[in-house]
Amino acid sequence: MDPDTGQPFSSRNLIACLREGARRFGWADRDPTPGVRRDGRWLVGTGVAGSSYPARSRAAAAAATAAPDGTFEVRINATDIGTGARTALWQVAADALGVPVDRVVIRVGDSDLPPAGVAGGSMGTASWSWAVIRAGEALRERIRGAPGGAVPAEGLTVEVSTADEVRAQPARPRYAYGAHFVQVRVDADTGEIRVGRMLGVFAAGRVVNPTTARSQLIGGMTMGLSMALHEEGLLDERYGDWVNHDLAMYHVSVCADVERIEAYWLPEEDPELNPAGVKGIGEIGIVGSAAAVANAVYHATGVRVRDLPVRLDKLLDRPPTR
């Protein structure tokens, strides 16, 4: 039960993520005592953190057109910011229309198209696919009702909105879950931190496109690593301006910081989400990854750092915490 609402979760596979991650990572062989593992000058540690993020949807509209030659065009003002949303919606549209993907054209990213929300809050695919599915279903129904079940020469077009359906959805605690496992090395003399391995296991409903999903989860985990070790806004309190306001001074993770990173997910079906059964994966890869890095640093050094980023001076200026 959700402690805030007293309602049962629509699905809750956090424990399954932790167990699968522990199996893949080799957690059972871990010595929990901090500050005891060493490889030459490097202190070695491992850490874990769980994560959750709300699975939400917002109202959207989509249009679908059938042409006499058996092709289809689906239109929605969704936004693909490099996460593969266009590809995922193309697949969802073909599935909803019941035709091969090579007969479907998807159009997104134009304010003249039926309105839909921006990409953010892990609501993009969950919201857009809902509208695309309903448009596909409505168009198939129109085709079945046409004389002889044939598309006329001028084509057939439908446009639908999910506003009423989203508004009527019963309130329930709906979440995506994840488990992050990290191994780090910390230089005993300088405090330099190297992340040798990151592994995440997630429960995020239906995964529409495994290739783009894995890339997005890995990207989120890299952002969490960057949050843990690099990113920090420094304010000049005399003038009220940021000192590090460009990428020359605001440090972010680069390829050298990511030695080995793995993302997996569990097969999960949740009928109380949306027609596509997706939860969204934009944030769940980030949430928890920084905490796992900080826990691994503590396991390696015995020094507990509770304010990010974990800088060298924070490790060298503090006594070990037992």
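Which residues, counting only those in the stretch 57-74, are under 15 Å from Val104 (Cβ atoms) and either more than 24 Å from the chain's Cα centre (by Cα) or open to solvent by 50 Å² or more (accessible area, probe 1.4 Å) (or both)?
Listed by number, the residues that qualify are Ala63, Ala64, Thr65, Ala66, Ala67, Asp69, Gly70, Thr71, Phe72, Glu73, Val74.
What pairs come out if I take residues in the stretch 247-275 that are under 18 Å from Arg24 (Cα atoms) and outside any strand (DSSP E or B) and pair them with residues that are open to solvent by less than 60 Å² (accessible area, probe 1.4 Å) and of a type in the set (Lys, Arg) whose C-beta lies under 8 Å away, six or more apart or interchain?
Once the first residue is under 18 Å from Arg24 (Cα atoms) and outside any strand (DSSP E or B) and sits in the stretch 247-275, its partners that are open to solvent by less than 60 Å² (accessible area, probe 1.4 Å) and of a type in the set (Lys, Arg) give Glu259/Arg197; Arg260/Arg197.
Could you check the stretch 75-91 and list, in sequence order, the residues that are out of contact with any Phe, Trp or Tyr (no Cβ under 8 Å at 6 or more places or on another chain) and under 14 Å from Val104 (Cα atoms)?
If the condition is that a residue be out of contact with any Phe, Trp or Tyr (no Cβ under 8 Å at 6 or more places or on another chain) and under 14 Å from Val104 (Cα atoms), then Arg75, Arg86, Thr87, Ala88, Trp90, Gln91 are the ones that fit.
Being modelled with pLDDT under 95, over 16 Å from Ile133 (Cα atoms), acidic (Asp, Glu) and within 26 Å of the chain's Cα centre (by Cα): is that true of Asp80 here?
Yes; evaluated as a whole, the condition is true for this residue.
Which one of these is of a type outside the set (Val, Ile, Thr) and in contact (Cβ under 8 Å) with a residue 24 or more places away in the chain: Pro173, Pro210, Pro147?
Pro173
Which one is farthest from Val195 (Cα to Cα) among residues in the stretch 224-248 that are touching a strand residue (DSSP E or B) at 6+ places or on another chain (Cβ under 9 Å) and either of a type in the set (S, T, N, Q) or open to solvent by 60 Å² or more (accessible area, probe 1.4 Å) (or both)?
Asp241
(1) closer than 20 Å to Ala213 by Cβ; (2) buried (at least 17 other Cβ atoms within 10 Å of the Cβ); (3) not hydrophobic (A, V, I, L, M, F, W, C): which one isn't true of Gly121, the others all being true?
Tallying (1) closer than 20 Å to Ala213 by Cβ; (2) buried (at least 17 other Cβ atoms within 10 Å of the Cβ); (3) not hydrophobic (A, V, I, L, M, F, W, C), Gly121 fails exactly one: (2).
Select from the stretch 86-118 the residues that are open to solvent by 70 Å² or more (accessible area, probe 1.4 Å), of a type in the set (A, V, I, L, M, F, W, C) and either part of a helix (DSSP H, G or I) or farther than 20 Å from Asn274 by Cβ (or both) and list them in ascending order.
Trp90, Val105
Which pairs turn up if I take residues in the stretch 215-232 that are under 13 Å from Ile284 (Cα atoms) and look for partners that are open to solvent by less than 30 Å² (accessible area, probe 1.4 Å) and hydroxyl-bearing (Ser, Thr, Tyr) with beta carbon separation below 7 Å, at least 6 apart in sequence or on another chain?
Met221/Ser289; Thr222/Ser253; Gly224/Ser289
Spot the failing condition for Arg238; the list is (1) over 28 Å from Gly124 (Cα atoms); (2) in contact (Cβ under 8 Å) with a residue 24 or more places away in the chain; (3) part of a loop (DSSP other than H, G, I, E, B); (4) not small (Gly, Ala, Ser), and only one is missed.
(2)
Quick one: in the stretch 249-263, which of the residues that are under 20 Å from Leu199 (Cβ atoms) and modelled with pLDDT of 90 or more is surrounded by the most Cβ atoms within 10 Å (Cβ to Cβ)?
Here the answer is Ala263.
For the stretch 1-30, how many residues meet the condition of being over 20 Å from Gly178 (Cα atoms) and surrounded by fewer than 10 Cβ atoms within 10 Å (Cβ to Cβ)?
So the answer is 3.
Of the conditions (1) open to solvent by less than 30 Å² (accessible area, probe 1.4 Å); (2) over 18 Å from the mean Cα position of the chain (by Cα); (3) over 30 Å from Trp90 (Cβ atoms), Ala49 fails just one. Which one is it?
Failed condition: (2).
May I ask you to list the residues in the stretch 75-84 that are open to solvent by 10 Å² or more (accessible area, probe 1.4 Å) and either small (Gly, Ala, Ser) or more than 24 Å from Gly285 (Cα to Cα) (or both)?
Arg75, Asn77, Gly82, Gly84
The values are calculated or read from the model by the stated rules, or taken from the named source; none is laboratory data. Bear in mind the structure is a predicted one, so any value in this text is a computation, not a measurement. Methodologically, a virtual Cβ is constructed for each residue, glycine included, from the backbone with ideal geometry; neighbour enumeration extends over all protein chains shown. Note: accessible area is taken over every heavy atom of the protein model, side chains too, but ligands, DNA and RNA are not part of it. Shrake-Rupley method; radii C 1.70, N 1.55, O 1.52, S 1.80 Å.
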